[in-house]
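Peer 1: I'd like to ask you about the structure that follows.
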Amino acid sequence: MKIKEMDDISFSEALERALENAPEIVRTEMVSVSSALGRIVAEDIYCRKNLPSFDNSAMDGFAVMCADAGKRVKVAGEIYAGDKPELSSLSKGECYRIMTGAPVPSGVESVVPVERCLDLSEDEVTLPVKVGCGDNIRKKGEEIERGSTLIEAGERLEFPHIAMLSAQGITTVKVVASPRIAVVSTGNEIREPWESAEEDEIYNANALGITALLESEGFDAVYAGSIPDDLEASVSFIANLKSYDVIISTGGISMGEADFLEEAYRLNGMREPLFHGVSVKPGRPTMMGLMDNTFVMAMPGNPLTTMLNIFLLSVPVLYRMQGARGYHYPFVTVENRESFGYKSFRANIVPGRIENGGFCAVRRNKIGSGMISPLMEADCVAIFEKGFEAPEVGDKIKVVMFSSKPSLEKEMWINRV
């Protein structure tokens, strides 16, 4: 089968094609809240219990009536957090000593902090002249009312969501099933890290690096092994992976004599690729497409290229497949601190680090696609679309932090002309 020459589409177009065509995962499962961190909510979750669920004090102090401001009043009782006091409605000339979180009885109009009160004794206290009605009282339902939407479907659960679910007494939540991801390598020269390698053989950095990257984003992936540089073996190997939602392969996708992977995918049912070839450095020999119900993400074999493209292309698509509301990366706009170069007739992916609030390209962008160490020196990446000239010192540019998680960001994080 003759495979056509590589495409030359823009980086942003490649991303949009992948996002638009990635199949949505419809499987769901119930998980405990304690293990739900990073999962995508499958349905709206509603407030079961008003927050706060009762009027309570926001301070240690005295529960008073506003009309008693500036007066000396009698302490009619004490109320602690967790108490269920059977106290009568507060009368003029009286107050309750109250602790933070304690229920506020009827008739109370304000809580005055201890430090604002004068001449404290066991039985009496002089209130300040100014007492604001409603001060330091957390009203029932003021944070969120019962029946309102607590968390929307498609939300990625972070630690505040876990805290909120726990505050509602919710112990299990329905989430979208994690995509089943198979990671495969190619190349006769590849040896696994646990094998012995000759000088002219290469240890497989990609497989464990990719699975670790995906795990850091909340995804599980299985390393399914390495495909030899042989068409028949490639077809057979891939046929056994069609039960996965996603296959991420590295290498074997360029135009060399031993690059059989596109044909192997086609012979297993892949229709015309969404793209095969992106006008970007590093990462031109990148391909994505649908093989029956499996989404194929074929990456270059060079480690730096593979890791950057999986972070920038694959991770947003994986979130989109789970129905996540947010799948574009948030970005920060910072000044470029050092000059660096690239060729602007294509898009450029430039790893860097933030120093003193500004962007510094790793080694002034004098790096190779087969390297790994630049990733260890970087904490962010900047993407410059075709035609965007290399920035000067002091220019403002968009940067994506490696610690970022896709969000509801609408503006694209790619630097464009």
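Peer 1: In whole Å, what is the distance between the alpha-carbon centres of the range 216-239 and the range 155-181?
Peer 2: A separation of 31 Å, based on Cα centres.
Peer 1: A follow-up question, please. Cα gyration tensor of the range 372-417, axes a ≥ b ≥ c as square roots of the eigenvalues: rounded (a/c below 1.5), prolate (a/b > b/c) or oblate?
Peer 2: oblate
Peer 1: Give me, ordered by chain and number, the residues 5 or more places off His328 or on other chains with an amide H under 5 Å from its own placed amide H.
Peer 2: Hits under the 5 Å cutoff: Ser407, Glu409.
Peer 1: I want to check the label-to-label distance for Glu263 and Met376. Put each point 7 Å from Cα in the C-beta direction and report it in nm to one decimal.
Peer 2: Between Glu263 and Met376, the simple spin-label model gives 3.9 nm.
Peer 1: Under a 5 Å amide H to amide H cut-off, with H placed in plane at 1.01 Å, what residues pair with Asn50 once short-range neighbours are removed?
Peer 2: Excluding prolines and chain starts, which carry no amide H, the hits are Arg146.
Peer 1: The range 1-63: which chymotrypsin sites (Phe, Trp or Tyr not before Pro) are DSSP loop and have at most 15 other beta-carbon atoms within 10 angstrom?
Peer 2: Listed in order of number, the matching sites are Phe54.
Peer 1: Here's another thing I want to ask about it. For the range 56-138, take N as its residue count and report Rg(C-alpha) divided by 2.2 N^0.38 Å.
Peer 2: 0.93
Peer 1: Once the piece of chain linking Glu409 and Glu215 is laid out straight, how much longer is it, given 0.36 nm per residue of separation minus the C-alpha distance between them?
Peer 2: Extra length from Glu409 to Glu215 when fully extended: 67.6 nm.
Peer 1: Which whole-Hz ³J(HN,Hα) couplings does the range 71-81 yield from phi under the Karplus relation 6.51 cos²θ - 1.76 cosθ + 1.60, θ = phi - 60°, glycine and proline marked x?
Peer 2: So the Karplus estimates, Gly and Pro as x, are 9, 8, 10, 8, 7, 8, x, 10, 10, 10, 4 Hz.
Peer 1: Can you pull out the trypsin sites (Lys or Arg not before Pro) in the range 328-394 that DSSP calls coil and that have at most 13 other Cβ atoms within 10 Å?
Peer 2: Loop-located and lightly packed - Lys343, Lys366.
Peer 1: Counting other Cβ atoms within 10 Å, keep those with at most 16, restrict to DSSP loop, and tell me which GluC sites (Glu not before Pro) in the range 1-90 are left.
Peer 2: Those that pass, being in a loop and sparsely packed, are Glu5, Glu24, Glu43, Glu86.
Peer 1: OK, next. Cross-link list Lys281/Lys398; Lys84/Lys140; Lys92/Lys130; Lys174/Lys410: which exceed 23 angstrom alpha carbon to alpha carbon?
Peer 2: In this structure, Lys174/Lys410 lie more than 23 Å apart at Cα.
Peer 1: Another question, if that's okay. Taking Kirkwood radius over Cα pairs in Å as the quantity of interest, determine which of (1) 22.9; (2) 24.5; (3) 25.4 was computed from the displayed structure.
Peer 2: Only one option fits the structure, namely (3).
Peer 1: Also: Neighbouring Cβ atoms within 10 Å as the yardstick, rank Ile137, Ile253 fewest first.
Peer 2: Ile137, Ile253
Peer 1: How high is the relative contact order of the chain, given as a whole-number percent (alpha carbon pairs under 8 Å, six or more residues apart)?
Peer 2: 17 percent
Peer 1: Quick check: the distance between the Cα centres of the range 113-149 and the range 2-51, to the nearest angstrom?
Peer 2: 45 Å
Peer 1: Express in nm, to one decimal, how much length is gained between Val222 and Glu24 on full extension, taking 0.36 nm for each residue of separation and deducting their alpha carbon distance.
Peer 2: Full-extension gain reported as 69.3 nm.
Peer 1: Only Cα pairs within less than 10 Å get springs; with that Gaussian network setup on the chain, which residue of Val114, Val175, Val41 has the largest fluctuation?
Peer 2: It is Val114.
Since every read-out is calculated from the coordinates, none of them should be taken as a lab result. Bear in mind the structure is a predicted one, so any value in this text is a computation, not a measurement. With ideal geometry, Cβ positions are generated from the backbone for all residues, glycine too; neighbour counts draw on all protein chains shown.
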